[in-house]
Amino acid sequence: MPNLHDPPAPAATQPLAEWRAQFPVLAQSIHGHLLAYLDNAATTHMPRQVMQAMQDFETHERANIHRGVHTLSQRATDAFEAARATLKRFIGADAAHELVFTSGTTESLNLVAQGLWAAGPGQAWLRPGDRIIVSGLEHHANLVPWQHAARMSGAELVVLRPDAQGRLHEGDLAALLSPRTRVLALTAGANATGERPPYEAMLAMARQVGALTVLDAAQAVGHAAPALATLECDFMAFSGHKMYGPMGIGVLAGRRDALERLYPLRLGGDMVEDVSYERAVYAALPARLEGGTPNVAGAVGLAAAARFIEQVGRAAIDQHVHALRARAAAGLAALPGVTVLAPHATQAALVSFVAEDVHPHDIGTLLDERGIAVRTGHHCAQPLHDHFGLGPTTRASFALYNTPDEVERLVAGVARALETMR
Ligand SMILES: Cc1ncc(COP(=O)(O)O)c(C=O)c1O
C-alpha cells in the first residue's frame, strides 16, 4: 500500500511507445484490424498496474471504511486516505486545500452548483440578482447544473461567448465581471474543439471581484493537470476514467473555505457528527461531502493512475499528444472539403472536424470498419456547435499509447470514407 505521503513516482526514461504494452485492450483486433483507439477524450484505457492495484485491494483489503474496528476496515480506510493524499499531491494541492471523492466530473460540478444554492435563503452563496458566468465552450456538465442553480436561486446566468474560431478573450470576460458576479465556471480544455482558454488569468480576474471560481479539468488532467496551489481556483473537478483510471470515480478539489460553503448533496451515513430524529450535525470536510459508502477500489485505482502518469512523465505525455494532434490536424485539413475546428489550438490532445456533404456518423462507422475508434456527434457541447453554426462533428482524441501510425490510418481512413460517401 502506498505511504500516506508517498513521493511522486520518478519519471521513467523509456520511450512512450513501450508503455503501450501496459494496455492489454489495445492488443485486440476489431473487424480484422488492430484496434486504433482514438476516443480518449471520452474515456482512456487503464494500464495493468492500475487494474492490479484495484484487484489487490478487492482481494486483500475490501471492507467498508470509517465504521469498523476490525483490521480489514482499517486497512480499507488507510487505502482510501492514502489515495486521497496521493491525489492531493498529484494536483498540486497545499494545506489550504481539501479533496473530495465523487463519481466523476459531472457529480463534482453538480455538487458545486447545487451546493451553492441548496442551503436556502439567507444561507446560500447564490442569491437573487447575483450573476453566474460560464464560458460558451463548456461541456453540458458545466452548463446544465448552472442553469438549474440560476433557476433555483434567482441568479442570472451569463455566457462568456467565444469568437468565431472558438477562442475566449479576457477583454470579453472583463466586460461581464462586476461585484454581482458570484461564480465563474470555466473549462481547462474544451472537449469539443481542444481549445485551451487562458484560464489562469480568467480565474484570477473573477476572484478579484469576489467570485468563486470553478475549473473543469476533465480534459486536462490526463496530460496537463494544472497545479491547484498556483491557481486562483476555488473548485477543480475531474474524472478518473479520462486519466487512465477507473470509471465511476472522480474528484472535487478546492480551497477548504470554499468547499465548506457547499451544502452537501449526499445526505446520510458517514457525513454526520451527531443525529437525532429531528436534526443532524454535519461532519467536517472531507466526510461532509462524501455521504454513503464511497467507491474505495475506484479511489485506489485513481491514485494508481496518478502514479502511473507521474512515472511516464507528464511533460512527455503532453508533448506526445500535442504532436499527434498537430499531425492529425494537418493531415485532415489537407483532405478536400474538410474543415478542422480550432486549428490554432496547438495545446490540445484532440482534433474535431467536419466534411462537406458527409455525415460524421458515416465517417465514424466507416472508420470503425477499419478498427479505428473515434467519436461523432455534439460531444455534450451542443450550444457551442450552434454558436459555430455547425452540426455534429467527428472527433479523434489522443493518449500516451497512440502512435503516429494510428494517425496515418485515421487520415487515410477518413479520405477513403469521403470517397465512398461522395
Ligand atoms: C470537459 C468535460 N467536462 C465534463 C465531462 C463529464 O465527465 P464525466 O462524464 O466523467 O462526469 C466531460 C466528459 O467528456 C468533459 O470532457
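Calculation over all alpha carbon pairs of region 4-124 in 10 angstrom steps from 0 returns a P(r) of 10, 24, 33, 23, 9, 2, 0 percent.
Using only side-chain charges placed at the Cβ, +1 for Lys and Arg and -1 for Asp and Glu, the dipole size of the chain relative to its Cα centre rounds to 180 debye. Percent of C-alpha pairs per 5 Å bin in region 124-181, short distances first: 4, 19, 27, 22, 19, 7, 2, 0. Pairs of Cα atoms under 8 Å, at least six residues apart: use those to get the relative contact order of the chain, whole percent. Answer for the chain is 23 percent.
Mean-square fluctuation check for the chain, GNM, Cα pairs under 10 Å: which of 234, 172, 78 is largest? Largest GNM mean-square fluctuation: 172.
Farthest toward the positive end of the dipole of the chain, out of 309, 7, 365, is the Cα of 7, where the dipole comes from beta carbon charges about the Cα centre.
The spacing between region 285-320 and region 178-220, judged by their C-alpha centroids, is 22 Å. Farthest toward the positive end of the dipole of the chain, out of 345, 91, 413, is the Cα of 91, where the dipole comes from beta carbon charges about the Cα centre.
Find which of 283, 105, 322 sits farthest along the positive direction of the dipole of the chain, computed with +1 on the beta-carbon of Lys and Arg, -1 on that of Asp and Glu, about the Cα centre. Positive-end residue among those listed: 283.
Stretch residue 256-residue 123 to full length: gain in nm at 0.36 nm per residue minus the Cα-Cα span?
Details: separation 133, 0.36 × 133 = 47.88 nm, distance 1.78 nm.
Gain in length upon complete extension: 46.1 nm.
Largest mean-square fluctuation among 304, 93, 330, in a Gaussian network model of the chain whose springs join Cα atoms under 10 Å apart, belongs to 330.
Dimensions of region 156-210 based on its C-alpha atoms, expressed as ranges along the principal axes with the largest first, amount to 31, 19, 18 Å. Measuring between their Cα centroids, region 246-277 and region 378-416 lie 36 Å from each other. A straight chain from residue 273 to residue 74 at 0.36 nm per residue would run longer than the Cα-Cα distance by 69.7 nm. If you take the beta carbon distance between residue 28 and residue 163 as r and set R0 to 51 Å, what does 1/(1 + (r/R0)^6) give as a FRET efficiency, to the nearest 0.05? That gives a FRET efficiency of 0.75. Taking one quarter of the surface of the C-alpha convex hull of region 274-422 gives a mean projected area of 13.6 nm². Between the beta carbons of residue 319 and residue 280, assuming R0 = 45 Å, the FRET efficiency works out to 0.35 to the nearest 0.05.
At q = 0.15, 0.16, 0.17, 0.21 Å⁻¹, what log₁₀ I(q)/I(0) does region 154-295 have when each alpha carbon counts as one equal point scatterer in the Debye sum? Those come out to -0.86, -0.95, -1.03, -1.30, one per q.
For the peptides 133-139, 355-361, residues were scored by their other Cβ atoms within 10 Å and the scores averaged per peptide; the highest-first order is 133-139, 355-361. Once divided by 2.2 N^0.38 Å, the Cα radius of gyration of the chain becomes 1.00.
Kirkwood hydrodynamic radius of region 304-359 from all distinct Cα pairs, in Å? Kindly include the intermediate steps, with their values, before the conclusion.
Details: mean 1/r = 0.0790 Å⁻¹.
Taking every pair of different Cα atoms in region 304-359, averaging 1/r and inverting gives 12.7 Å.
Applying Stokes-Einstein at 37 °C and 0.692 mPa s to the Kirkwood radius of region 111-222, computed over alpha-carbon pairs, gives a translational diffusion coefficient of 235 µm² s⁻¹.
Gain in length, residue 334 to residue 152, computed as 0.36 nm per residue apart minus the alpha-carbon separation, to one decimal in nm? All intermediate terms of the calculation are to be shown ahead of the outcome.
Working: separation 182, 0.36 × 182 = 65.52 nm, distance 4.83 nm.
This chain segment gains 60.7 nm when fully extended.
All of the numbers you see were taken from the coordinates with simple rules; none came from a lab. Predicted model, so just to flag it, every value in this text is computed and none were measured. Glycine also receives a Cβ, built like all others from the backbone with ideal geometry; neighbour counts cover every protein chain displayed.
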